[in-house]
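The values are calculated or read from the model by the stated rules, or taken from the named source; none is laboratory data. No experiment lies behind these values; they were computed from the predicted model shown. We place every Cβ from the backbone using ideal geometry, glycine too, and count neighbours over all the protein chains shown.
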Amino acid sequence: MKRNHTMMQFFEWHVEADGSHWNRLKELAQELKNRGIDSVWIPPVTKGTSRKDTGYAVYDLYDVGEFNQKGTVRTKYGTKEELLDAIKAYQDHGINVYVDIVMNHKAGADETDVFQVVEVDPQKLKKMDLQPFLLTEAVYRYGHFRKKT
């Protein structure tokens, strides 16, 4: 017999901005499994424009609570390590974790950037010569690019 699956939305607009949300999530893994929860839906994990930002005014798509930006390392919900620990706890209990991500939400640039448009051949979209310039710490650490000479 097939059974229905149950997903819990583990956030709402007024979650405390105390940086403990990922820890609270981790602590409840066993209890949620016991109650029949198969999946949890968590808020945006990226750094917002402030410590209290819900994650929808994205400052840096690559910062999930790892870099000191906007006056904090953690996001509203916690640090990268706490997030990964919480996800691992849910995986250990056989619970899926879904992250709420809105890819076109961008905000909070620290300055106006001037950049050049790169014209591409529509027949060869995979062949582009992109030249990054002012990049975040996250991109320097994890990105693969060629510095402009």
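What the table shows:
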item	result
Only listed residue being aliphatic (A, V, I, L, M) and surrounded by fewer than 18 Cβ atoms within 10 Å (Cβ to Cβ), chosen from V40, V15	V15
Selection count, region 59-81, where residues are surrounded by fewer than 20 Cβ atoms within 10 Å (Cβ to Cβ) and not small (G, A, S)	11
Qualifying residue in region 96-110 (condition: among the polar types (S, T, N, Q) and touching a residue at least 24 places away in the same chain (Cβ under 8 Å))	yes
Of all residues making up region 17-37, the number that are under 20 Å from A57 (Cβ atoms) and touching a helix residue (DSSP H, G or I) at 6+ places or on another chain (Cβ under 9 Å)	3
Checking A138 against (1) at pLDDT below 65; (2) among the small types (G, A, S); (3) in a loop (DSSP other than H, G, I, E, B), the condition it does not meet	(3)
Residue among T49, T54, T6, T79 that alone is among the hydroxyl-bearing types (S, T, Y) and in contact (Cβ under 8 Å) with a residue 60 or more places away in the chain	T79
